[in-house]
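Accompanying notes for the structure given below.
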Amino acid sequence: MTTRRDFLKIVGVSVLGLTFLGVGVLPTTSSAAKISLEDALKKHLGVGLSAIKESKDIIVKAPSIAESGANVPVEVRSTIPIEKVEALYIFVDKNPNPFIASIDFSPLNGEVYFATRIKMGATSPVRAILKLKDGSLLMAYKEVKVTVGGCG
Amino acid sequence: MAKIGRAIVKVPKKVKKGQVVTIRMVIIHPMETGLRKDKKTGKPIPAHYITHVDFYFNDKLFTKINTSAGVSKNPYFAIKFKPTESGTLKIFYEDNKGGKWEKTVQITVEG
């Protein structure tokens, strides 16, 4: 016969088991379809977010609120001389694939400037990261609110 | 539907020496992520997107844009350009299904 104590033990153990299952299973299933910002940064730049310095010399222009995530205009410019810059990277934190584009510059560009239109799945920062020729990385970002996502 | 891969390039054809101009372009392309499903059949729509856009001036590569499907449908790109001599601007672009296209524009530098 199952006593009250036994019953509580069983319930307790199964609840614990479920919690562990939940912790173990959920992150793997969600990361299978989605790449995290940290992984995308490591893949393209070789370092994580904490290794990238914020800079006021980079300006990211994007709407504060985007009506449609399918078409968000983004413009990046910088006062840093083009001769010192190697490339520009654009990331959106919460997209299934956060990497949007990278641009390799040369002195023939005259100045650091890039504009495009991007897809956004949800409200997220839009990041612009400049890779300088001395190997350093500088970043600026703009938070864009998205009411209707454009990734599905 | 307009033909995939067609592009419109806007750049001044005459540039004063030392002047920085803007090159703007729009490419007709669906930019499918591969994550969307066909609403009628429920089957996933295969990924189809531009992978890179290369800008050459007098056969020298001066800007390379590597793109993902995160760029919007019918992608728009703008970059700056400071030519020091007259010549040919060639823009070459490719997609993940083997589509290859190019556009050329003659540019004259004055003064």
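If each of B:Glu94 and B:Gln19 carries a label point 7 Å out from its Cα toward its Cβ, how far apart are those two points in nm?
Going by the 7 Å Cα→Cβ label model, 3.4 nm.
Taking neighbour counts of Cβ atoms within 10 Å as a proxy for exposure, in what order, fewest first, do B:Ile107, A:Ile80 appear? Mind dumping the intermediate values first?
On the way: B:Ile107 20, A:Ile80 16.
Fewest-to-most Cβ neighbours within 10 Å comes out as A:Ile80, B:Ile107.
Per residue of B:50-63, what is the mean number of Cβ atoms on other protein chains within 10 angstrom of that residue's Cβ? Each step should come with its number before you reach the end.
Working: counts 1, 0, 3, 2, 1, 5, 0, 2, 1, 0, 2, 3, 6, 7.
Counting Cβ atoms of other protein chains within 10 Å of each residue's Cβ and averaging gives 2.
Which net charge results when you count Lys and Arg as +1 and Asp and Glu as -1 among the other residues whose beta-carbon is under 15 Å from that of B:Lys97?
Local charge sum for B:Lys97: -1.
Work out, step by step, the length gained on full extension between B:Lys39 and B:Ile4: first 0.36 nm times the residue separation, then minus their alpha carbon distance; give nm to one decimal.
Roughly 10.4 nm would be gained on extension.
How many percent of Cα pairs in chain B exceed 19 Å?
Looking at chain B, the distances longer than 19 Å represent 49 percent of pairs.
In a solvent-free Debye calculation with one equal scatterer on each Cα, what is log10 I(q)/I(0) for segment B:63-106 at q = 0.18, 0.25, 0.31 Å⁻¹, listed in the order of the q values?
At q = 0.18, 0.25, 0.31 Å⁻¹ the computed log10 ratios are -0.70, -1.15, -1.40.
Run the reach check for B:Lys3 against lysines, Cα to Cα strictly under 19 Å, same-chain hits fewer than 8 apart removed. What comes back?
B:Lys73, B:Lys97, B:Lys100, B:Lys103
What Kirkwood hydrodynamic radius do you get for segment A:33-146 when you take the inverse of the mean 1/r over all pairs of distinct Cα atoms, in Å? Let's see the in-between values first.
On the way: mean 1/r = 0.0706 Å⁻¹.
Evaluated over segment A:33-146, this radius sits at 14.2 Å.
Fewest first, what order do B:Arg6, A:Arg77 take by the number of other Cβ atoms within 10 Å?
B:Arg6, A:Arg77
Taking Cα atoms of segment A:74-140, Rg/Rh with Kirkwood Rh, to two decimals?
0.99
Below 16 Å, Cα to Cα, which lysines can A:Lys34 reach? Residues fewer than 8 away in the same chain don't count.
Of all the lysines, those that pass the test against A:Lys34 - Cα under 16 Å, at least 8 places apart if same chain - are A:Lys42, A:Lys43, A:Lys94, A:Lys119.
Specify which residue in the list B:Gly70, B:Thr41, B:Val9 is farthest towards the positive end of the charge dipole of chain B, using unit charges on the beta carbon of Lys, Arg (+1) and Asp, Glu (-1), about the Cα centre.
The listed residue farthest towards the positive side: B:Thr41.
I need the per residue convex hull volume for the protein assembly as shown, using only the alpha carbons, in cubic angstrom as a whole number.
Numbers: hull volume 47.0 nm³, N = 263.
Expressed per residue, the convex hull around the Cα atoms of the protein assembly as shown is 179 Å³.
Mind sorting B:Thr41, B:Thr51 by how few other Cβ atoms lie within 10 Å of their own Cβ, fewest first? Numbers along the way, then the final one.
Working: B:Thr41 8, B:Thr51 15.
Fewest-to-most ranking of B:Thr41, B:Thr51: B:Thr41, B:Thr51.
Bear in mind these aren't lab numbers, they're just calculated from the coordinates by the rules spelled out. For clarity, every value in this text was computed on a predicted model and none was experimentally measured. Cβ coordinates were reconstructed from backbone atoms using ideal geometry, including for glycine residues, and neighbour counts include every protein chain displayed.
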